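Chemist: Sharing a structure with you now.
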Amino acid sequence: MCTLAWWTIASTNPGKIMFSLNKGAYTLELLAEKKEVVIAVPGVELTGALIGCGTCSGRDTDKAAKVGLTMQDIDGTNIKAPVPCKMLIHATVAQTMDADDHVVHLCDVKGVYGDENVDAVYGWKGYAEFAAAQQK
């Protein structure tokens, strides 16, 4: 589990997403081996967990236990995701590209799951502040 600053839709038909990972990330090693990912758009309740997960390595830390996450099963994969999430995107790696200190991943979407009752968290002010994606 890692904290991504961004991901984007690369194609709608067929569904593809893109994101990049720092070459030093433990998640990059796992993704190279498994070729599968679940992108989780967390709910505002997980704001503190985002910071906690983004400031330690899963190589030697159980991040979910450290930050007190409840994890959920995702259909079609053995990858678990935190609760609550606005959206979950299950995908498999189709291509990678070297981008200097990062590796860009182009992935085929296998499934998308959403909960319209969850307010997604968003990084405001250059990620100095986390709050609901939609200001109410």
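Every number here is computed from the coordinates shown, using simple stated rules; none is lab data. Since the model is a prediction, treat every value here as computed from it, not as a measurement.
Chemist: How large is log10 I(q)/I(0) at q = 0.11, 0.12, 0.17, 0.21 Å⁻¹ when the Debye formula is applied to the Cα atoms of the range 25-96, each weighted equally and without solvent?
Modeler: Once normalised to I(0) and log-transformed, intensities are -0.28, -0.33, -0.68, -1.04.
Chemist: Dividing the Cα convex hull volume of the chain by residue count, how many Å³ per residue is that?
Modeler: In the chain, the Cα convex hull volume per residue is 122 Å³.
Chemist: Could you tell me which of the pairs 35/125; 35/63; 16/66 are separated by over 28 angstrom between their Cα atoms in the structure shown?
Modeler: Correct reply: 35/125; 16/66.
Chemist: Measuring from centroid to centroid over Cα atoms, what is the spacing of the range 111-125 and the range 60-83 in Å?
Modeler: Result: 17 Å between the Cα centres.
Chemist: Then there's this: When a/c is below 1.5 the answer is rounded, else prolate if a/b is larger than b/c, else oblate, so apply that to the range 9-53 with a ≥ b ≥ c taken from the square roots of the Cα gyration tensor eigenvalues.
Modeler: Here the range 9-53 falls in the oblate category.
Chemist: Using only helices, what value at 222 nm comes out for the chain when you add -39,500 (n - 2.57) per DSSP H run of length 4 or more and divide by the total residues, to the nearest 500 deg cm²/dmol?
Modeler: -4000 deg cm²/dmol
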